[in-house]
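Visitor: Below is one structure. I have some questions about it.
No lab work stands behind these numbers, since they all come straight from the coordinates. These numbers were taken from a predicted model, which means no experiment stands behind them. In this analysis, Cβ positions are derived from the backbone assuming ideal geometry, glycine residues included, and neighbour counts consider all displayed protein chains.
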Amino acid sequence: MYVLKFGGSSVANANNIKIVADILLAYPSKPIVVVVSALGGITDQLLLTGDKAACGDESYRELLSSVELRHLDTARQLLPVTNQSASLSKVKQYCNEIEDLCEGIFRLQELSDRTKDKLVSYGELLSSQLLTAYLQTQNAQAEWLDSRQLIKTDSRFGNAHVLEGITHTLIEARVPKDKNNIYVAPGFIASNSHDFTTTLGRGGSDYTAAIFAAALKAEVLEIWTDVSGIMTADPRWVPNARPISRISYQEAMELSHFGAKIIYPPTIQPVMKRNIPVWVKNTFAANDPGTLIENHQYESAEKIRGISSMNKITLLSLEGSGMVGIPGFSKRLFEALAQQQINVILITQSSSEHSICVAVQSGEAEKAKHTCDAAFDSEIANGKVEPLVVEGDHAIVALVGDKMKSHPGISGQMFSALGRNGINIRAIAQGSSERNISAVISSSDVKKALNVLHESFFESVKKQLNIFITGCGNVGSKLLGQIAAQQVWLE
Ligand code: ADP
Ligand code: ASP
Ligand code: MG
């Protein structure tokens, strides 16, 4: 059994869906489970539609029409005329359901997380139905699976937690291993015990694929996307980034946790538990080798494996002379944050115990300020601690690598590279596993920081220097002769 996942850009239009189908039809072994994302950009568009409807903004209707038109056009371009009618009516049926839902949101001017999940689920329902229909026209034994009936979760709409036991039982019972089928399943979506649709978090189709792979004890999980594997840094920010051929589960997990969007962080856990190797491949360059993620530490000349970054970070600092030597302040701070389900991304505490500093997503900063000030209200009132200091517009850059601990001086190299380029570091953390070092910097410095660090750790430090010589007499020609003679040394 093989599980393949194709992301939003891989199924963005009819042409790309054909490329995906070609990969599947040529796949050397069957059965396979194929997990797909919504057509690129559709999830954002559906969310925007819901938000507009909830604000009483009638222009949500135009957005909905463009969603419908995009899917109808895709179906028409993808399928032969004689095979179009069933798919066109399926698209219309789903779009009517979306319209009814949005009409309700518009009338009530209210959009709950539960309704939001129902709304966005149509993105993956539509894309998976289109791919199934196309594969069937190519004479493949393609069968559509309803992930909502197979993946069961709790009721945390928008970011639901998977109930592993029942999910594995349902998937195993539904997907036989002895057929030559291509099973197509929508990613990202699931349901709770009352059969209400839930979603697994933005980017969650990777996770869906890992859940199928784990339940079916797949030989391999393949994540097909729009770049040729996991790269040393995000290629959108760092033009010199290059693919990493092999990487351990832990390194991949650290990179994704610290913002490498290529893999949704929870994806690695289910496959790592069962030792299922993961290949990250490029749909548009299928012959590129890609990246193999597996349970192995690799010999590499490089001290670190990759650099990632997280944006929209806010620093929260709890400070006060009343904290020194008194246990329990950090416990209360973290309890207050946990009660509000605020995820702490990074923690540092000064050795004087005078302050504790944590980094959270900026979207949660206001809630954090409110809850922490309430938790310490009596200490704030009698001057033992200050009201929580909130500083937005930050980012985290992280260096990741299993081999870091055997190479002293990495943090020195990191901080001096950043310092030399005028990038101020606000907070630093190093995991006790010594698999990552992260620094909090201003969000306006991220691009520069990533490139500076990439150059320092991954690029040979050759710099081009342009020299202009006026006059090529005695001195000038001697200098040119010396430069030529010393070329190797100068480089
Ligand atoms: P998909 O829709 O296929 O799930 P995503 O957009 O979620 O694709 O993830 C792929 C993108 O992740 C790439 O286009 C790239 O810009 C970004 N990315 C971020 N960090 C990395 C990295 N270290 N290596 C490769 N891609 C990365
Ligand atoms: N379509 C969903 C999203 O955009 C899930 C995914 O693409 O993985 O977040
Ligand atoms: Mg993704």
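Visitor: By how many nm would the segment from GLU103 to ILE326 grow when fully extended, if each residue of separation counts as 0.36 nm and the alpha-carbon distance is taken off?
Guide: The GLU103-ILE326 span can extend by a further 74.7 nm.
Visitor: Across the Cα atoms of the range 227-367, what radius of gyration and what greatest pairwise Cα-Cα distance (Dmax) are found, in Å?
Guide: Rg, Dmax (Cα atoms, Å): 19.1, 62.
Visitor: Of the DSSP beta bridges with both residues in the chain, give the percent that are antiparallel, rounding to the nearest 5.
Guide: Within the chain, antiparallel bridges account for around 60 percent of the total.
Visitor: Tell me the angle of helix 410-420 to the major Cα principal axis of the chain, expressed in degrees between 0 and 90 and rounded to the nearest ten.
Guide: Its long axis makes an angle of about 80 degrees.
Visitor: Set the Förster radius R0 to 45 Å, insert the Cβ-Cβ distance between GLN149 and ASN295 as r into 1/(1 + (r/R0)^6), and round the FRET efficiency to 0.05.
Guide: 0.90
Visitor: Give me the number: length gained by fully extending GLU110 to LEU48, i.e. 0.36 nm times residue separation minus the C-alpha to C-alpha distance, one decimal in nm.
Guide: The GLU110-LEU48 span can extend by a further 21.0 nm.
Visitor: For a 30 Å ceiling on Cα separation, which of these pairs sit above it: LYS273/LYS447; LYS303/LYS448; LYS52/LYS367; LYS30/LYS273?
Guide: LYS273/LYS447
Visitor: Further, regarding this structure: What does the convex hull of the Cα atoms come to per residue for the range 174-293, in Å³?
Guide: 125
Visitor: State, as an integer percentage, the relative contact order of the chain based on alpha-carbon contacts under 8 Å between residues 6 or more apart.
Guide: Value for the chain: 12 percent.
Visitor: Of ILE244, VAL446, ILE313, which is farthest on the positive side of the dipole of the chain, counting Cα position, with +1 on Lys and Arg Cβ, -1 on Asp and Glu Cβ, and the Cα centre as origin?
Guide: ILE244
Visitor: Over the Cα atoms of the range 330-443, how large are the radius of gyration and the largest Cα-Cα distance (Dmax), in Å?
Guide: So, for the range 330-443, Rg and Dmax equal 16.0, 48 Å respectively.
Visitor: Here is a further query. Near LYS331, which aspartates and glutamates are there with a Cα under 16 Å away, not counting those fewer than 8 places off in the same chain?
Guide: GLU319, GLU353, ASP373, ASP377, GLU379
Visitor: Further, regarding this structure: Of VAL81, TYR60, GLN109, which is farthest along the charge dipole of the range 30-188 in the positive direction, counting Lys and Arg as +1 and Asp and Glu as -1 at C-beta?
Guide: VAL81
Visitor: Taking H placed 1.01 Å from N in the peptide plane, check which residues at least 5 places from VAL184 or on another chain put their amide H under 5 Å from its amide H.
Guide: For VAL184, the qualifying residues are VAL34, GLU143, TRP144, LEU145.
Visitor: Just to check I understand the Karplus step: with θ = phi - 60° and J = 6.51 cos²θ - 1.76 cosθ + 1.60, what whole-Hz values come out for the range 237-245, glycine and proline as x?
Guide: With the stated coefficients, the range 237-245 comes to 9, 10, x, 8, 4, 9, x, 9, 6 Hz.
Visitor: Moving to a separate point now. What are the residues whose amide H is under 5 Å from the amide H of SER355, where those residues sit 5 or more places off or on another chain and H is modelled from the backbone?
Guide: SER350
Visitor: Continuing with this model, one more query. Compute the helix-to-body angle for 474-485: its Cα long axis versus the longest principal axis of the chain, expressed 0 to 90° and rounded to tens.
Guide: The helix 474-485 is inclined about 50 degrees to the chain.
Visitor: Once you order the gyration tensor axes a ≥ b ≥ c over the Cα atoms, which shape class does the range 90-132 get: rounded for a/c under 1.5, otherwise prolate or oblate by comparing a/b with b/c?
Guide: Because a/c hits 1.5 or more and a/b fails to exceed b/c, the range 90-132 counts as oblate.
Visitor: Same structure, new question: Under a straight-distance cross-link criterion of Cα-Cα below 12 Å, which aspartates and glutamates are reachable from LYS405, leaving out those fewer than 8 residues away in the same chain?
Guide: LYS405 reaches GLU434.
Visitor: Averaged over all directions, how much area does the convex hull of the C-alpha atoms of the chain cover when projected, in nm²?
Guide: Mean shadow area of the hull around the Cα atoms is 31.3 nm².
Visitor: For the range 133-185 and the range 429-481, write down the distance between their C-alpha centroids in whole Å.
Guide: One Cα centre to the other: 49 Å.
Visitor: Quick one: which of 133-139, 481-487, 402-408 comes out on top by average Cβ neighbours within 10 Å, and what's the full order, highest first?
Guide: Highest-to-lowest ranking by the protection proxy: 133-139, 402-408, 481-487.
Visitor: Just how large is the dipole of the range 239-292 about the Cα centre, in debye to the nearest 20, putting +1 at every Lys and Arg Cβ and -1 at every Asp and Glu Cβ?
Guide: My answer is approximately 120 debye.
Visitor: Rg and Dmax of the range 138-220, using alpha carbons, in Å: what are they?
Guide: In order Rg, Dmax, the Cα atoms of the range 138-220 give 12.6, 40 Å.
Visitor: Something else about it: Tell me which residues come under 5 Å, amide H to amide H, from ARG246 once H is placed; ignore anything under 5 positions away on its chain.
Guide: Residues meeting the criterion, in which the H sits 1.01 Å from N, are LEU292.
Visitor: Using a simple spin-label model with points 7 Å from Cα along the Cα→Cβ vector, what separation in nm is obtained for HIS354 and LYS92?
Guide: Each label point is offset 7 Å from its Cα along the Cβ direction, giving 7.2 nm.
Visitor: Quote to one decimal, in nm, the extra length available between GLU302 and LEU480 on full extension: 0.36 nm per residue of separation minus the C-alpha distance between them.
Guide: The span from GLU302 to LEU480 would gain 60.5 nm if fully extended.
Visitor: With charges only on Cβ, +1 for K and R and -1 for D and E, what is the dipole size of the chain about its Cα centre, in debye, rounded to 20?
Guide: Dipole about the Cα centre, nearest 20: 1120 debye.
Visitor: In the range 350-384, whose amide N lies under 20 Å from the spot 7 Å out along Cα-to-Cβ of SER411? List them in ranges.
Guide: 350-360
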